[in-house]
Amino acid sequence: MPLSHLMELQTFRPPSFAGTMMFLVRNQVQQWKNHCRFSVNTMLSGHRFYKHLLSGRKCVSKNTKTSVSCSYSTEQNDTSPSIKQLSHARVIYAVAAALGHNKEAHPESSARVPAIVKALEKMELTPKFCGSDILELQNFNLASVDDIASVHAKAYVSGLEKAMDQASEQGLILIEGSGPTYATSTVAASKNQLDPPTAFALIRPPGHHAIPKGPMGFCVFGNVAIAARHAQRVHGLKRVFIIDFDVHHGNGTNDAFLDDPDIFFLSTHQDGSYPGTGKFDEIGIGAGEGATLNLPLPGGSGDTAMRTVFDEVIVPCAQRFKPDIILVSAGYDGHVLDPLASLQFTTGTYYMLASNIKQLAKDLCGGRCVFFLEGGYNLDSLSYSVADSFRAFLGEPSLAAEFDDPAILYEEPSTRVKQAIQRVKHIHSL
């Protein structure tokens, strides 16, 4: 869908509701000498946020979505959703699998997004099965270098262009070692309605570790951070509330907004996990002091802990902040089956989070809410948990019981969880 079309939609109000809209922007840095495109997909929300998602076609078969191309066309085509389709949708999503961005045996592999797409089809959560309730956006516009530079240093962006020269010759290069993070030459790069839609950007690589000056921890560009700045600068959504429930601290997003009082960053993560940041006393600086909340949870924390965190920390923070939009760094690596950490979240935990965040957005900001895929490295738990999140968006019952095995869970460290929650509530006067 061309950007001009989206802007027209933004100002249109169907008679029965104030429009909401979302669009996917593919962040691109282009190396002209070698015609080597480097792009990362980012779901951005628009000012009035249209009710998203389309009826009809299967999200995989017609356009072979499981082999997503990173090419871009400026031509309009008849797959652009109409205003009517947008206004009837309850969930909107976009797929950017970045299949060319892959390193053998790396946990952040090209199999992640296709596994999710396959699960959505298996569980009949695509437009083919759900009709107008679900819409898949298939046409994305490119973000400019300036859009990316609203979060990342221009020196990093230009340096990445040079790295793409090397990648085009070698096929794959290591661009940051702590993660480790790699790059390839084809990184492919989201009010009045009673039941407003929720959007989900099924994108990779993830973004919340990418710091303003460079890549880190599997992440190249800060997808959510760029979306937040775009929402502010272009669509007048001044107050942005970011929830990051990835098992690892979103240090890149944290650092991007340390001194910004209009972007509230809230992260729950496993204490002591990569990258070792996200301590209780990291609360922002200067004018942004108090607009950053970090809650490190002890290993073994699970569903009970996260439900309490949502009720006692996330909700009162959001209510006090009064956001214009909620963005979510949705990491599914806190699942008990995930190999990279040791929390005990279940598919049911993610259903709860998706359902509650959707309701929170409906209560506070007209339903404007976009989820961005971050971590999640067990393909089964990742795909089933994202699919159950879709069910939550649709208001359908969870199917977590069909996947989760309570027998593998052990007692949560409830005393330590309670202490962590009380500590963060004291620091932030909740």
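Things worth noting here:
- For the stretch 289-400, with all protein chains in place and a probe radius of 1.4 Å, 46% of the accessible heavy-atom surface sits on carbon or sulfur.
- Globularity index of the stretch 264-333, i.e. its alpha-carbon radius of gyration over 2.2 N^0.38 Å: 1.13
- Coordinate range along principal axes, alpha carbons of the stretch 92-428, Å, largest first: 52, 49, 43
- Averaging 1/r over each pair of different alpha-carbon atoms in the stretch 305-430 and inverting the result gives 15.4 Å, the Kirkwood hydrodynamic radius.
- Per residue, the accessible area of the stretch 92-428 comes to 34 Å² when a 1.4 Å probe rolls over the protein heavy atoms.
- DSSP bridge pairs, the stretch 92-428: antiparallel proportion in percent, nearest 5: 15
- Phi-derived couplings, Karplus 6.51 cos²θ - 1.76 cosθ + 1.60 at θ = phi - 60°, listed residue by residue for the stretch 364-377: 9, 9, x, x, 6, 7, 10, 9, 10, 5, 10, x, x, 10 Hz, with x used for Gly and Pro.
- Long pairs among K322/K425; K238/K358; K238/K362; K213/K322; K84/K358, criterion Cα-Cα beyond 25 Å: K213/K322
- Integer Hz, Karplus 6.51/-1.76/1.60 couplings in order for the stretch 268-277, x for Gly and Pro: 10, 7, 6, 4, x, 7, 3, x, x, 9
- Label-point separation in nm, A153 to Q319, each point 7 Å along Cα→Cβ: 4.2
The values are calculated or read from the model by the stated rules, or taken from the named source; none is laboratory data. Computed from a predicted model, the values in this text were never measured in an experiment. Cβ: placed from backbone, ideal geometry, glycine included. Neighbour counts: every protein chain shown. These accessible areas exclude ligands, DNA and RNA; they are computed on the full protein's heavy atoms, side chains included. Shrake-Rupley method; radii C 1.70, N 1.55, O 1.52, S 1.80 Å.
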